[in-house]
Amino acid sequence: MVEASIWVMNLLGVAVYILAGYLLITKVFPILRDILSVFKDQMADAIMGLFNVVVIVFVIGRVLDRLAAIGQEGLSYFEILRPIVELFNQVLPYFEYLVGGAILVAALSSFRKKK
């Protein structure tokens, strides 16, 4: 009985992470893209692409955590994806600086054009 509840809870967790990632990419990010397109459409597309990748990798990492929590041997084969998630998590702070710099440059160029 305990094993069944572990399966159910972790599979529900997987479903919730996937649903949250889907909603973020399909509902929230288009609104953010509209806000960023005030500066430049190409920049908004590039930043949204980066945000999509960040969300996808985050969801994959959390799904791997949930599958590992189940503890079945067959599901441990998904752990082969763990180094990809860890590498991306180590590079993520540099993406934050890149996005912040791009927004700053776009804002400054937009401000200069208005003068």
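What follows is calculated from the coordinates using simple rules that are stated; it is not laboratory data. Quick caveat: nothing in here was measured; it's all calculated off a predicted structure. Using ideal geometry, Cβ is built from the backbone for each residue, glycine included, and neighbour counts are taken over all protein chains shown.
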task: Evaluate the charge dipole of the chain about its Cα centre and quote only its size in Debye, nearest 20, assuming +1 on the Cβ of each Lys and Arg and -1 on the Cβ of each Asp and Glu.
output: 840
field: Ranked packing of 44-53, 14-23, most packed first, by mean Cβ within 10 Å
entry: 44-53, 14-23
message: On a full-extension model of 0.36 nm per residue, what is the gain between residue 80 and residue 23, subtracting their alpha-carbon distance, rounded to one decimal in nm?
response: 17.9 nm
field: Matching label, Kirkwood radius over Cα pairs in Å computed from the structure shown, candidates (1) 14.2; (2) 16.4; (3) 14.9
entry: (2)
query: Roughly how big is the stretch 28-72's charge dipole about its Cα centre, with Cβ charges of +1 (Lys, Arg) and -1 (Asp, Glu), in debye to the nearest 20?
result: 140
Contact order relative to length of the stretch 1-103, as percent, for alpha carbon pairs under 8 angstrom and 6 or more apart: 33
task: State the answer as a single residue: which of 76, 30, 43 lies farthest towards the positive end of the charge dipole of the chain, with beta carbon charges of +1 for Lys and Arg and -1 for Asp and Glu, about the Cα centre.
output: 43
